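Notes follow the structure.
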């Protein structure tokens with residue numbers, strides 16, 4: 001119980017220190033980027049898009065899915081960098097590690113806040129996609145956004161993406177915590193994305209590339225809720241990688257010399 | 001003998017091949033202002049980081065409040081406040097918000113933030129962003145954060161480093177007040193001798209990772225060391241001769257050289273050596289040694 005209370009205190013302090021920072025606005029505004037563009041596209045070109053094929057919601061999902069698969073990793077890199085760089089740039093690692101809390105408590109407080117930020121942003125992103133459909137429906141009811149749509153699938157897909165992201169997010173978190181260098185984690189992350197894009201063209205082991213799990217776990221936003229539980233391999237791989245990386249990070253937090 | 005707040009037992013520490021500390025045995029009495037003195041790179045900050053468990057010592061090498069970090073980390077750190085080298089401050093937050101971050105971690109009542117702001121006299125500037133603080137204000141804010149848990153021991157690493165004269169005086173008064181009025185034991189590292197001389201009740205001198213002296217401040221002065229000031233014409237040549245005789249130059253300018261000596265007999269020996277080298281000696285004056293020359297004599301740093 002004491003551990004839970006201490007963790008709560010650590011998380012509370014972590015969240016507090018991000019007020020009025022860039023990352024605070026990033027997790028609020030970044031999820032709005034793709035929905036805002038889609039809102040403009042569907043308001044202005046909705047009829048032309050829907051004339052081709054598919055349902056209104058299905059088209060909106062497709063228009064959201066592609067860009068988010070590409071952009072979301074960059075968001076993860078930046079947030080991972082920022083939650084750790086706030087300590088590097090303020091020279092505060094030694095401050096937080098001399099507080100009467102277990103070292104693992106400090107490590108997990110930061111990690112959980114980081115994961116929480118990713119989760120919050122993805123759920124906000126899902127909510128904003130729904131908001132786009134609703135607004136377009138108000139402006140032009142003939143497009144078909146008034147039809148029923150299972151939002152559980154939408155949020156379920158967002159949650160799958162969250163789980164499939166935790167693997168490479170843990171790598172980024174670990175590197176950003178180890179290194180004061182800003183370029184190194186970004187370089188590794190971008191290298192990861194590009195190398196996945198190359199190997200996915202035909203390499204038989206591409207499915208094991210950690211920077212591609214979130215893409216491989218995606219798919220069309222259609223069908224019954226049961227599809228949320230299909231194609232679980234990328235998610236299991238991501239969670240397995242997360243456990244390994246968090247284990248390494250936690251061991252490191254216990255042992256390392258704090259400068 | 002009063003209780004020991006900090007004890008180290010044959011503390012060794014290395015950075016890969018470099019041995020930073022060797023057989024360090026510190027005993028810091030309760031209620032003291034313990035000056036930890038040493039030149040830059042002597043091992044002061046490494047010792048402090050070990051005392052705060054930022055670097056791990058081997059089991060049994062250190063005890064704070066009679067307890068070791070292996071079993072009592074949280075309990076020890078609850079009673080220790082620290083200010084290490086440069087201020088650790090979130091510049092985008094105000095002074096009060098910085099304290100709130102730490103308050104949330106250590107779980108003390110909100111009213112404690114106001115109390116520590118009053119102790120360090122930062123109430124008027126508490127709602128300013130820390131990026132607009134002077135270095136002195138940053139140091140005081142760091143001290144306020146260290147005081148949040150009302151610790152029994154304060155470990156301060158070079159707390160006056162980089163401060164202007166008024167900032168130094170303020171910090172000094174604050175440290176004395178925390179010791180006298182609030183009953184804190186203070187472990188204070190510095191390479192500024194006059195600071196230690198004005199503050200400390202006990203001192204340890206460290207050099208090359210080894211403790212060269214430990215005890216009461218008065219104990220240092222009670223040694224019968226003298227300082228010899230020589231006025232002469234060829235200062236550089238004289239300095240070389242004195243170094244050749246294994247003396248440590250504590251001060252040197254265009255007209256004179258100062259150095260610590262142990263007995264007045266050495267005055268004649270030095271004078272003869274200089275005159276034999278055709279150096280004109282205009283004056284020889286001995287006085288009780290300053291802490292500075294004691295320190296230099298112990299560490300023999302300046303002329304190496």
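The values are calculated or read from the model by the stated rules, or taken from the named source; none is laboratory data. Predicted model, so just to flag it, every value in this text is computed and none were measured. Every residue, glycine as well, gets a Cβ built from its backbone with ideal geometry; the counts of neighbours run over all protein chains shown.
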- line: Matching residues in segment B:1-21 (in a strand (DSSP E or B) and either free of Cβ contacts under 8 Å to residues at least 60 places away in the same chain or within 14 Å of another protein chain (Cβ to nearest Cβ) (or both)) number 10
message: over 30 Å from residue B:77 (Cβ atoms) and either touching a helix residue (DSSP H, G or I) at 6+ places or on another chain (Cβ under 7 Å) or part of a helix (DSSP H, G or I) (or both): is that true of residue A:123 in this structure?
response: yes
query: Out of the residues in segment A:17-34 that are crowded, with 17+ Cβ neighbours inside 10 Å and more than 16 Å from the chain's Cα centre (by Cα), which is farthest from the other protein chains (Cβ to nearest Cβ)?
result: A:18
query: Can you name the strands (runs of 3 or more DSSP E) wholly within segment B:137-228 that have at least 3 residues being buried (at least 18 other Cβ atoms within 10 Å of the Cβ)?
result: B:153-157, B:185-190, B:202-207
message: Criterion first (surrounded by 18 or more Cβ atoms within 10 Å (Cβ to Cβ), within 14 Å of chain B (Cβ to nearest Cβ), at pLDDT 90 or above and under 29 Å from residue A:107 (Cα atoms)) does residue A:8 satisfy it?
response: no
- prompt: Quick check: anything in segment B:92-106 buried (at least 24 other Cβ atoms within 10 Å of the Cβ) and not in a helix (DSSP H, G or I)?
  reply: no
- line: Every listed condition ((1) over 21 Å from residue A:251 (Cα atoms); (2) crowded, with 23+ Cβ neighbours inside 10 Å) holds for residue B:49 save (1)
Residues of segment B:87-98 satisfying the condition of being at the interface with chain A (Cβ under 8 Å from one of its Cβ atoms) and in contact (Cβ under 8 Å) with a residue 24 or more places away in the chain: B:87, B:88, B:89, B:90, B:91, B:92, B:93
query: Is there a residue being at pLDDT below 95, within 10 Å of chain A (Cβ to nearest Cβ), touching a strand residue (DSSP E or B) at 6+ places or on another chain (Cβ under 8 Å) and farther than 23 Å from residue A:11 by Cβ anywhere in segment B:110-131?
result: no
task: Among the candidates B:80, B:24, single out the residue that is touching a residue at least 60 places away in the same chain (Cβ under 8 Å), crowded, with 23+ Cβ neighbours inside 10 Å and either at the interface with another protein chain (Cβ under 8 Å from one of its Cβ atoms) or within 15 Å of residue B:153 (Cβ to Cβ) (or both).
output: B:80
field: Index of the failed condition, residue B:278 passing every other in (1) assigned by TED's automatic domain parsing to the domain that holds residue B:154; (2) assigned to a loop (DSSP other than H, G, I, E, B)
entry: (1)
- request: Would you point out the residue of segment B:33-50, among those that are more than 14 Å from chain A (Cβ to nearest Cβ) and not in a loop (DSSP other than H, G, I, E, B), that is nearest to residue A:106 (Cα to Cα)?
  value: B:44
task: Run residue B:58 past the list (1) at positive phi; (2) out of contact with any helix residue (DSSP H, G or I) (no Cβ under 9 Å at 6 or more places or on another chain); (3) part of a loop (DSSP other than H, G, I, E, B) and report the number of the one that doesn't hold.
output: (1)
task: Pick out the one residue from A:48, A:80 that is within 25 Å of the chain's Cα centre (by Cα) and more than 11 Å from every other protein chain (Cβ to nearest Cβ).
output: A:80
- request: Report whether or not residue A:101 is without any contact (Cβ under 8 Å) to a residue 24 or more places away in the chain and within 11 Å of chain B (Cβ to nearest Cβ).
  value: no
field: Cβ pairs under 6 Å, 6+ apart, first in segment A:242-259 and more than 16 Å from residue A:176 (Cα to Cα), second assigned to a helix (DSSP H, G or I)
entry: A:254/A:103
query: Out of segment B:51-67, which residues are within 14 Å of chain A (Cβ to nearest Cβ) and in contact (Cβ under 8 Å) with a residue 40 or more places away in the chain?
result: B:51, B:52, B:55, B:57, B:58, B:64, B:65
- request: Could you tell me which residue of segment A:242-259 is nearest to the other protein chains (Cβ to nearest Cβ), considering only residues that are touching a helix residue (DSSP H, G or I) at 6+ places or on another chain (Cβ under 6 Å) and either part of a helix (DSSP H, G or I) or surrounded by fewer than 16 Cβ atoms within 10 Å (Cβ to Cβ) (or both)?
  value: A:254
query: Could you say which residue among A:107, A:115 is within 14 Å of chain B (Cβ to nearest Cβ), at pLDDT 95 or above and part of a helix (DSSP H, G or I)?
result: A:107
